[in-house]
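Student: The structure is given below, and queries will be raised subsequently.
The values are calculated or read from the model by the stated rules, or taken from the named source; none is laboratory data. Quick caveat, the model's predicted, so the values are computed rather than measured. Please note: Cβ atoms are built from the backbone with ideal geometry, for glycine as well, and neighbour counts cover all protein chains shown.
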Amino acid sequence: MRARPKLYGVNMNKTILILNLFFLIFFGKISSATFESSKKIAVYVTALNSELRLTKKEDLFFKDKGQPFENEILVFVDPEKKFQTILGFGGALTDAAAETFAKLPKDKQQKILQDYYDPIKGIGYTLARTNINSCDFSSESYTYIAEGDANLKTFNIEHDRKFKIPLIKQAIAAAGGKLTLYASPWSPPAFMKDNNNMLQGGKLKQEFYQTWANYYTKFIKAYEAEGIPVWGITIQNEPMAKQKWESCIFTDEDERIFLKKYLGPTMKREGLGTKKIIGWDHNRDLLYQRTSGLLKDPGAAKYLWGIGFHWYENWSGGEPMYDNLKLTSQAYPNTNFLFTEGSVEKFDASQLSNWKLGERYGNNMINDFNNGSVGFTDWNILLDENGGPNHVQNFCFAPMHGNIKTGELTYTNEYYYIGHFSKFVKPGAKRILSSVSRSLLQSTAFRNTDGTTVVIVMNPSDTKANYYLWVNGKATEVESLPHSISTLVF
């Protein structure tokens with residue numbers, strides 16, 4: 001009689017367990033299917049010949065859709081197929097950007113900061129680059145030491161306190177107190193180079209390798225003493241370009257030796273071993289050659305966080321070398337590849353509304369992310385009404401131009417095209433698989449750490465296209481306007 005309740009309890013437990021499993025399996029599937037079918041998709045659009053600028057449209061919803069037909073245009077997304085982790089998006093805080101910023105009215109300054117760095121009201125920049133010593137986008141050439149000071153006893157960053165440091169501090173505050181900042185040198189001081197000139201290329205003299213390595217650490221420590229955290233450095237901006245502005249030639253052997261024997265050990269010795277070091281920092285054309293040259297030596301490779309690249313290899317009118325990034329990232333899957341600079345050159349004020357400005361950004365960003373890039377850093381965040389200041393007349397376009405005479409701000413569509421990525425794809429996101437069924441469209445996609453999926457679709461053609469966003473047997477029909485970019489978030 002005593003065993004009966006025990007036996008009855010075991011039977012009841014088994015029955016309850018079986019019923020629970022049945023309800024979980026049956027109703028779980030139903031609720032999952034219902035959820036997928038009713039999942040809301042937020043849609044944001046920027047389009048030519050319209051007022052749409054990162055404008056939110058009506059929400060869409062997934063519905064069941066099985067095998068697509070061949071006459072349908074589809075964007076396939078598979079959130080389970082994950083690739084590189086995203087570092088962030090941003091632009092360069094150069095002397096030119098900072099000087100222009102300082103000469104604009106206070107209300108316009110606040111608008112610039114909000115529109116770039118506020119994640120809700122703006123496009124949520126989280127990444128920034130700045131220059132060590134002067135670059136072309138400085139009003140003059142300068143260094144942080146007195147001429148000939150090989151011991152760096154006169155090192156100070158007083159020059160940067162006028163314009164650049166105040167802007168960087170305000171950008172950090174506008175971004176919520178954190179901004180991933182890295183710095184790049186265009187040239188060592190003239191006396192350290194074999195041409196005795198900061199301009200026109202030249203090479204760093206062997207006897208100054210250690211002095212120059214010390215220079216980087218002094219810069220980082222000086223900035224951090226100002227309350228500006230420095231995440232990392234690049235070894236040399238565009239090391240294979242002899243420019244009429246600040247430039248310095250480093251062959252792959254020069255860069256490898258400098259990194260292995262001088263810069264890497266010096267950073268570690270000075271307590272900066274956790275700072276990231278980025279090699280190359282030049283175009284996609286020689287990307288594989290330089291990456292393999294640096295990584296073939298374990299003594300150099302151990303100091304290298306990743307490889308930086310620019311988009312200027314098509315300066316003569318050719319096509320961007322996206323395949324070079326794809327092949328190099330496949331050959332070195334454990335290396336980070338970061339887009340460190342790009343801008344549209346040959347400024348012409350009459351072309352500020354040219355839609356091709358933004359489409360160049362969209363095309364490059366989609367292809368670079370699909371081929372392995374972990375982040376995007378635009379060139380100057382802000383320039384004046386002449387595409388400067390620039391002490392060698394190398395004037396360029398920027399997402400924003402500020403007229404220092406009238407105080408007026410002009411936004412090119414570069415700003416909106418970048419924003420379709422930076423506002424929605426957060427640091428730590430993973431790129432996921434995205435594939436289009438027609439060459440009419442371009443697409444890339446990401447999964448944020450909070451579980452949201454971000455799909456970016458660009459239509460650079462003159463043709464309106466309706467396509468299906470297809471995810472695991474569910475789809476929704478989306479309108480793609482001519483010369484538009486859309487971001488879909490769910």
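Student: Across the stretch 178-236, what is the number of residues that are under 19 Å from Leu259 (Cβ atoms) and part of a strand (DSSP E or B)?
Tutor: Number satisfying all stated conditions: 10.
Student: So for the stretch 317-332 (the condition being more than 28 Å from Lys81 (Cβ to Cβ), over 15 Å from the mean Cα position of the chain (by Cα) and at pLDDT below 95), does at least one residue qualify?
Tutor: Yes, there is a match, as at least one residue in the stretch 317-332 is more than 28 Å from Lys81 (Cβ to Cβ), over 15 Å from the mean Cα position of the chain (by Cα) and at pLDDT below 95.
Student: Does any residue of the stretch 465-482 turn out to be of a type in the set (S, T, N, Q), surrounded by fewer than 23 Cβ atoms within 10 Å (Cβ to Cβ) and touching a Pro at 6+ places or on another chain (Cβ under 7 Å)?
Tutor: no
Student: From the residues in the stretch 66-78 that are surrounded by fewer than 18 Cβ atoms within 10 Å (Cβ to Cβ) and under 35 Å from the mean Cα position of the chain (by Cα), which one is nearest to Ala429 (Cα to Cα)?
Tutor: Ranking the qualifying residues of the stretch 66-78, first place goes to Asp78.
Student: Return the residues of the stretch 372-422 that are touching a Gly at 6+ places or on another chain (Cβ under 9 Å), of a type in the set (S, T, N, Q), in a strand (DSSP E or B) and closer than 29 Å to Lys82 by Cα; say none if nothing qualifies.
Tutor: Of everything in the stretch 372-422, just one residue is touching a Gly at 6+ places or on another chain (Cβ under 9 Å), of a type in the set (S, T, N, Q), in a strand (DSSP E or B) and closer than 29 Å to Lys82 by Cα, namely Thr377.
Student: Given the conditions (1) within 30 Å of Asp368 (Cα to Cα); (2) over 25 Å from the mean Cα position of the chain (by Cα); (3) not aliphatic (A, V, I, L, M), report the number of the one that Lys205 does not fulfil.
Tutor: Checking Lys205 against (1) within 30 Å of Asp368 (Cα to Cα); (2) over 25 Å from the mean Cα position of the chain (by Cα); (3) not aliphatic (A, V, I, L, M), the one that fails is (1).
Student: Something else now. Name the pairs whose Cβ atoms lie under 9 Å apart, with the first residue in the stretch 116-140 and over 12 Å from Glu341 (Cβ atoms), the second in a loop (DSSP other than H, G, I, E, B) and among the acidic types (Asp, Glu), and 6 or more positions between them or separate chains?
Tutor: Matching pairs, first to second residue: Gly124/Asp118; Ser134/Glu140.
Student: Turning to a different aspect of this structure: Please go through the stretch 298-316 and give me each residue that is part of a loop (DSSP other than H, G, I, E, B) and either closer than 17 Å to Arg431 by Cα or at pLDDT 95 or above (or both), ordered by number.
Tutor: Those that are part of a loop (DSSP other than H, G, I, E, B) and either closer than 17 Å to Arg431 by Cα or at pLDDT 95 or above (or both): Lys302, Tyr303, Leu304, Trp305, Trp311.
Student: Gln200 versus (1) surrounded by 18 or more Cβ atoms within 10 Å (Cβ to Cβ); (2) closer than 26 Å to Asn283 by Cβ: which is the lone unmet condition?
Tutor: (1)
Student: Now, a different point. I'd like to verify a number: residues in the stretch 441-473 that are within 25 Å of the chain's Cα centre (by Cα), touching a residue at least 40 places away in the same chain (Cβ under 8 Å) and over 15 Å from Phe490 (Cβ atoms), how many?
Tutor: Of the residues in that region, 5 qualify.
Student: In addition: Does Lys218 satisfy the condition of being surrounded by 16 or more Cβ atoms within 10 Å (Cβ to Cβ), basic (Lys, Arg), closer than 29 Å to Lys244 by Cβ and touching a strand residue (DSSP E or B) at 6+ places or on another chain (Cβ under 8 Å)?
Tutor: For Lys218, the condition - surrounded by 16 or more Cβ atoms within 10 Å (Cβ to Cβ), basic (Lys, Arg), closer than 29 Å to Lys244 by Cβ and touching a strand residue (DSSP E or B) at 6+ places or on another chain (Cβ under 8 Å) - is not met.
Student: Quick check on the stretch 248-271. Is at least one of its residues at pLDDT 95 or above, crowded, with 19+ Cβ neighbours inside 10 Å and in a loop (DSSP other than H, G, I, E, B)?
Tutor: yes
Student: Considering only the stretch 120-136, how many residues are in contact with a helix residue (DSSP H, G or I) (Cβ under 9 Å, 6 or more places away or on another chain), of a type outside the set (Asp, Glu) and more than 20 Å from Asn364 (Cβ to Cβ)?
Tutor: 8
Student: Still on this model: With Asn334, Asn324 as the choices, which residue is assigned to a helix (DSSP H, G or I), surrounded by fewer than 23 Cβ atoms within 10 Å (Cβ to Cβ) and of a type outside the set (Gly, Ala, Ser)?
Tutor: That would be Asn324, the only listed residue that is assigned to a helix (DSSP H, G or I), surrounded by fewer than 23 Cβ atoms within 10 Å (Cβ to Cβ) and of a type outside the set (Gly, Ala, Ser).
Student: Residues being out of contact with any Lys or Arg (no Cβ under 7 Å at 6 or more places or on another chain) and in contact (Cβ under 8 Å) with a residue 60 or more places away in the chain: count how many of those fall in the stretch 219-249.
Tutor: Count: 12.
Student: While we're here: Can you tell me which residue among Leu54, Leu60 is surrounded by 14 or more Cβ atoms within 10 Å (Cβ to Cβ), outside the structural domain of Phe339 (by TED's automatic domain parsing) and either free of Cβ contacts under 8 Å to residues at least 24 places away in the same chain or more than 19 Å from Ile123 (Cβ to Cβ) (or both)?
Tutor: Leu60
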